[in-house]
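Taken together, the values in this text are just the output of simple stated rules run on the coordinates, not laboratory data. Since we're looking at a predicted model, the values are computed, not measured. We place every Cβ from the backbone using ideal geometry, glycine too, and count neighbours over all the protein chains shown.
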Amino acid sequence: MTPISRGFRGRRDASADPSRVPPGQYVTGDFPVLSAGPTPHTQLADWSFAIQGEVDEPRTWTWDEFRALPSENLTTDIHCVTKWSKLDTVWTGASVDTLLDGVDTSAEYVTAWSDGGYTTNLPLEDLTGGRAWVAFAYDDEPLDPEHGGPARLLVPHLYFWKSAKWVRGLELKLEDEPGFWETYGYHNYGDPWREQRYWGD
Ligand SMILES: Nc1nc2c(c(=O)[nH]1)N[C@H]1C(S)=C(S)[C@@H](COP(=O)(O)O)O[C@H]1N2
Ligand SMILES: [Mo]
């Protein structure tokens, strides 16, 4: 290794702005895969996305309809409860605001559900206001199946288990209901800045 590349790597690490790293987290350049089960391989022709539950009328999009929605590019930091954080990750997706446009609801909670049976729960307000996306590309490439492709929820301000891979819909609810990891003892809300890893944190 040349001194130049050593110096470059050193500066890069030293310059990881500590104010961007939540308590108890370390920064990684890798993109670990964390899945509770096998990777589903849903064909795009069979894929749809649904907004259902406590809504005036349910909405669904086929893959082509979903991809025709306005999408956004964003660069953001992600934080996994197993303590890795990854800075400046680059995504493309439809914002949940776009998906909820025109939806009339009195719901305050959402359960995101996925192919394979994974669920996670969030307050509806955490999915709105430009804070959540259904992402279909990572680093300008179609999202890798292991990372949730064809599309995953992306809610970067909460621990990454809230970003459901292979997401297929949002169920809007009047009452909160713990999802998969929340039932197994992960925190119900999961704010990395308050280190809400487990129930009781
Ligand atoms: N459907 C589904 N989504 C999921 C998971 C999962 O097991 N199944 N794991 C969660 C957890 S704990 C994390 S940290 C991230 C991992 O995403 P990655 O594999 O792309 O790093 O996905 C989250 N979304
Ligand atoms: Mo995780």
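Worth pointing out:
- Within the option set A68, A107, A50, A94, being more than 17 Å from the chain's Cα centre (by Cα), farther than 26 Å from H187 by Cβ and not hydroxyl-bearing (S, T, Y) holds for one residue only, A68.
- Residues that are farther than 16 Å from W133 by Cβ, within 16 Å of ligand 1 (Cβ to nearest atom) and aliphatic (A, V, I, L, M) were ranked within the stretch 48-85; the one that is surrounded by the fewest Cβ atoms within 10 Å (Cβ to Cβ) is A50.
- Candidates W181, W113, W199, W133 - the one that is within 16 Å of ligand 2 (Cβ to nearest atom) and under 27 Å from V90 (Cβ atoms): W181
- Qualifying residue in the stretch 140-158 (condition: touching an Asp or Glu at 6+ places or on another chain (Cβ under 6 Å), within 12 Å of ligand 1 (Cβ to nearest atom) and in contact (Cβ under 8 Å) with a residue 40 or more places away in the chain): no
- Of the residues V110, V96, the single one that is more than 10 Å from ligand 1 (Cβ to nearest atom), touching a residue at least 12 places away in the same chain (Cβ under 8 Å) and out of contact with any Asp or Glu (no Cβ under 9 Å at 6 or more places or on another chain) is V96.
- Looking at the stretch 41-87, the strands (runs of 3 or more DSSP E) lying wholly inside it that each contain 3 or more residues that are closer than 22 Å to T111 by Cα sit at 48-53, 59-62.
- Residue in the stretch 77-92 that is farthest from Q196 (Cα to Cα), counting only those that are of a type in the set (S, T, N, Q) and within 16 Å of ligand 2 (Cβ to nearest atom): T89
- Of all residues in the stretch 116-130 being within 16 Å of ligand 2 (Cβ to nearest atom) and not in a strand (DSSP E or B), the one that is surrounded by the fewest Cβ atoms within 10 Å (Cβ to Cβ): G116
- Residues within the stretch 182-199 that are in a helix (DSSP H, G or I) and farther than 27 Å from R59 by Cα, tallied: 4
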